[in-house]
1. If you take the Cα atoms of the range 178-276, find Rg, then find the Kirkwood Rh from the mean of 1/r over all pairs, what is Rg/Rh?
2. Could you calculate the FRET efficiency of residue 423 with residue 78 from 1/(1 + (r/R0)^6), where r is the beta carbon distance between them and R0 is 56 Å, rounded to 0.05?
3. Once Rh for the chain is found with the Kirkwood sum over Cα pairs, what is the Stokes-Einstein diffusion coefficient at 20 °C and 1.002 mPa s, in µm²/s?
4. Which of the peptides 228-234, 433-439 is most tightly packed, and how do the rest follow, going by the mean number of other Cβ atoms within 10 Å of each residue?
5. Calculate, in nm to one decimal, what residue 327 and residue 70 gain on full extension: separation in residues at 0.36 nm each, minus their alpha carbon distance.
6. Ranked from highest to lowest mean number of other Cβ atoms within 10 Å per residue, what is the order of the peptides 176-189, 258-271?
7. Mind computing the radius of gyration and Dmax over the alpha-carbon atoms of the range 270-402? Å is fine for both.
8. To the nearest 20 debye, what charge dipole does the chain have about its Cα centre, counting +1 at the Cβ of each Lys and Arg and -1 at the Cβ of each Asp and Glu?
Amino acid sequence: MQKIFFIQPPRYKGKIFHAEPLLPRCAGIPAKASYLQPPIGLAYTAAYIMRERNVAAQIIDAQAEDLTLEETAEKAKDADFVIISASLPAIESNLELCKQIKTLNKDIKIGLIGTYASFFHKKLIKNSAIDFVVRGEPEIPLVNILDFFNEKRFDLSGLTLKHNGKIIVGPKAKLIENLDSLPFAARELLNYKKYYDILIKGKKLDFVISARGCPFRCNFCAARAYSKKYRARSAGNVLSEVREIQEEFGHDDITFFDDTFTINKRRILEICEGLKGLSINWRCLSRVDTVDREMLEKMYAAGCYQIKFGVESGSQRMLDRMGKGIKLSDVKKVFKICNEIGIETVAFFILGYPGETKRSAEKTIRFAEILDADFASFNLFTPLPGSPVFPNFEHLDEWSLYDFGSFSFCSIPTEELKEIATKAYKRFYLRPAYAYGRIKKMGFRRFLVQNIKFWLMREGVLAEKIFGKR
């Protein structure tokens with residue numbers, strides 16, 4: 001039986017790249033990540049491959065295991081196929097990992113998957129350690145590549161690969177229309193003891209992807225790079241996976257990890273009805289123009305305790321430039337409803353989008369202060385490959401430019417923009433009204449425990465003694 005290893009690469013520059021701290025960096029000192037989430041996308045993909053072909057799959061989460069590049073390569077050297085989830089700005093580190101694996105075993109077939117691998121496939125395939133790159137959603141192309149190298153089938157849809165000294169770019173793969181036909185994530189391949197989030201309400205976290213594609217057209221976002229067509233699993237199918245998570249794995253806190261969970265109101269209400277009797281705490285990502293009071297009340301009654309909203313800016317001019325398609329008045333209205341119902345809110349903001357000025361950045365900070373969100377995250381704009389705005393930056397052909405938060409792409413100098421972001425965190429989280437509001441909503445005990453955990457994580461060594469090595 002062939003072995004296929006899926007790899008979440010090691011930390012980039014010592015950081016848990018996909019799990020930046022959400023809580024305040026008020027002192028201007030980088031904090032240890034307040035959460036580390038499982039690579040659930042790899043678990044879904046592995047489940048599909050194991051179902052479709054007779055292979056033994058394994059997931060190596062180098063971030064959760066705190067592995068170096070060398071240690072990760074050593075763990076992967078006995079595989080027949082290695083699939084690496086590539087990301088920016090860590091792509092050079094990802095390529096070094098491929099090189100080290102290939103040095104240990106030249107016969108391993110190594111492939112890259114992910115949004116950025118898809119976008120840069122023609123450049124990445126030229127690397128001597130890369131045998132193939134998957135473009136778009138990975139399930140069908142990975143089955144195709146297994147069959148190709150095993151000389152069973154010659155369908156190269158969704159693949160860019162090397163063969164007989166030539167580079168072959170296969171046709172675009174068809175989308176999987178019926179997501180209910182896909183298996184649930186292979187959670188048995190993940191070590192859930194390694195994953196944590198100090199903000200969850202339950203005791204054991206998990207993630208569910210219930211839909212794919214995005215119908216919205218935000219200029220800064222690469223969500224549509226994979227698929228512009230929105231496809232969703234049925235409510236019954238989603239609920240079946242939730243019950244499996246609860247009954248077989250004992251997890252009681254779920255994040256619905258769709259780009260926008262609340263697109264289809266009827267589906268959400270059906271899911272909420274099914275969740276009522278399961279005693280599951282859950283949260284999701286949403287947009288303010290896809291929810292209303294009825295939906296929010298039913299979500300809360302079904303166990304939803306937190307919603308993360310992309311607010312992006314406190315300047316309507318900047319929102320319009322971003323193509324966000326929302327009004328600041330709608331943001332205020334939805335956050336007010338959530339506060340009245342009792343749902344925690346997280347507001348994500350972007351600073352430094354092209355056209356940003358000191359005045360518009362100040363508007364964003366002020367808007368965050370009056371919005372009365374439970375948490376706010378201020379992120380510096382980075383042009384993402386596959387996003388509508390990216391063609392304006394394609395001439396900047398350097399991986400280092402995608403080191404999130406390291407460069408300014410507006411008229412504000414980089415260091416000054418970083419100072420504005422730090423100021424935003426301080427002004428939002430160090431308000432007396434903020435602490436009072438949090439205690440009032442969540443109770444003093446939970447507020448105290450949550451903040452003690454966060455500050456201990458800042459101390460690093462003490463945190464590891466108490467919570468174990470992360």
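1. 0.98
2. Values: r = 50 Å, r/R0 = 0.90.
Calculated value: 0.65.
3. It diffuses with D of about 92 µm²/s by this estimate.
4. 228-234, 433-439
5. Numbers: separation 257, 0.36 × 257 = 92.52 nm, distance 4.91 nm.
Length gained, residue 327 through residue 70: 87.6 nm.
6. Result, highest mean Cβ count within 10 Å first: 258-271, 176-189.
7. 17.0, 54
8. Charge dipole, the chain, about its Cα centre: 980 debye, nearest 20.
Bear in mind these aren't lab numbers, they're just calculated from the coordinates by the rules spelled out. All values reported here derive from a predicted model rather than from experimental measurement. Here Cβ is always computed from backbone atoms with ideal geometry, including for glycine, and neighbour counts include all displayed protein chains.
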